[in-house]
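Nothing in this text is a laboratory measurement; each read-out follows from the coordinates by a stated rule. Remember, predicted model here, so these are calculated numbers, not experimental data. Every residue, glycine as well, gets a Cβ built from its backbone with ideal geometry; the counts of neighbours run over all protein chains shown.
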Amino acid sequence: MLVDYHIHSLAHGERTQTADNLESFILQGIRKGIKEIGFCDHDWVEKKPDFALFEAMQKKYPGIETRVGIEIDHILGREEEIASLLRDQPFDYVLGGVHHLGENNWMFDHPDYKMGYQDKDIDELYRQYFQTVEQAALSGFYQVMPHLDLIKVFGYRPQKSVLTLMGGLLEIIREKSLAIELNTNGLYKPVGEIYPSCEILQASCKMDIPVIFGSDAHQCDQVGRKIEEAAALAYRVGYRQFATFHKKELILRDLDQLAITSVKRVI
């Protein structure tokens with residue numbers, strides 16, 4: 001059973017949510033053998049999804065489970081706004097993504113602002129990033145911490161061990177019963193590898209932190225992209241289950257025979 005829990009059907013606001021648009025992502029998921037598909041548009045694109053539209057797609061395509069989430073841009077100081085945004089909305093899960101750092105809210109993962117790395121201490125930058133992710137994890141807003149080491153997106157690497165720079169983040173994630181995400185989009189970025197690194201994933205596995213799979217698709221042809229490779233990596237470091245969500249309840253699934261066959265093929 002393969003799943004993709006990180007779909008941005010509206011991309012960065014280039015599209016509006018219509019039945020045809022949503023259907024294009026679902027049909028690609030079916031073609032890729034995805035059994036559960038999770039839509040989680042950025043909160044700055046769509047704060048209040050049309051849940052009825054997703055329900056209609058579920059009825060039309062009962063062979064693939066449709067989940068509705070949202071990716072919140074966790075910026076320090078937004079806490080009241082985020083709480084208000086999430087209140088009384090029936091999301092299946094909420095991702096807490098960190099894309100901005102510092103007083104000027106530098107968008108560190110956007111190629112237009114890549115120059116910002118050049119005048120910074122990379123180790124300190126990693127530490128600042130993970131401290132911000134830690135605040136997101138402590139907030140109580142989220143079920144999933146996505147692309148956990150997104151700060152590596154352009155290939156800037158710290159001198160110290162990344163686990164050292166993370167401080168107590170993984171312990172907090174475990175204590176808060178959150179999941180982390182294996183996000184394949186990093187394979188298509190300058191860093192050229194899945195988020196998070198194998199080192200972080202191994203530590204998470206040893207701590208029994210659940211993992212979900214996501215492509216971070218912004219176009220329908222990206223649905224399910226390299227999910228089998230993510231399953232292979234999870235299996236290789238020791239995971240035998242992965243997480244899914246329904247009405248914010250975390251449900252563990254076995255990396256069953258289909259996934260294990262895919263794992264062996266990828267390895």
Counting only DSSP beta bridges fully inside the chain, the antiparallel percentage to nearest 5 is 30 percent
Percent relative contact order for the range 1-139, counting Cα pairs under 8 Å at least six residues apart, stands at 19 percent
Relative contact order as a percentage, the chain, C-alpha pairs under 8 Å and 6+ apart, gives 20 percent
Residues other than PHE108 with Cβ under 15 Å of its Cβ, Lys/Arg counted +1 and Asp/Glu -1, net out at -3
Surpassing 20 Å at the alpha-carbon level, of the pairs LYS32/LYS248; LYS176/LYS206; LYS47/LYS189, are LYS32/LYS248; LYS47/LYS189
Amide H contacts under 5 Å for TYR5, restricted to residues at least 5 apart in sequence or on another chain and with H modeled in the peptide plane, are GLY38, PHE213, GLY214, SER215
Two pseudo-spin positions, 7 Å from Cα along C-beta at HIS12 and at GLN219, lie apart in nanometres by 1.4 nm
Under 5 Å from the placed amide H of HIS99, counting only residues 5+ away or on other chains, we find HIS74
A correct Karplus calculation of ³J(HN,Hα) over the range 124-136, with 6.51 cos²θ - 1.76 cosθ + 1.60, θ = phi - 60°, whole Hz and x for Gly and Pro, returns 5, 5, 4, 4, 5, 4, 5, 5, 5, 4, 4, 5, 5
Kirkwood radius from Cα pairs of the chain plugged into Stokes-Einstein at 20 °C, 1.002 mPa s, gives D in µm²/s equal to 115 µm²/s
The ³J(HN,Hα) series, computed from each phi in the range 232-246 with the Karplus coefficients 6.51, -1.76 and 1.60 at θ = phi - 60°, rounded to the nearest Hz and given as x for glycine or proline, is 5, 5, 4, 5, 5, 7, x, 5, 10, 9, 9, 9, 10, 9, 8
Length-normalised contact order of the range 87-141, Cα under 8 Å, at least 6 apart, in percent, tallies to 37 percent
Full extension between ASN21 and MET107 adds, at 0.36 nm per residue less the Cα distance, a length in nm of 28.2 nm
Rounded to one decimal in Å, the inverse mean reciprocal Cα-Cα distance for the range 116-224, i.e. its Kirkwood radius, is 14.4 Å
Taking 33-46, 66-79 and ranking on average Cβ neighbours within 10 Å, highest first, one gets 33-46, 66-79
Residue span TYR117 to HIS246: 0.36 nm per residue of separation minus Cα-Cα distance leaves a gain in nm of 42.6 nm
For LYS120, the lysines lying under 18 Å Cα to Cα, once residues fewer than eight places off in the same chain are dropped, come out as LYS152, LYS160
The set of residues whose placed amide H lies less than 5 Å from the amide H of GLU65, leaving out same-chain residues fewer than 5 positions away, is GLU36, ILE37
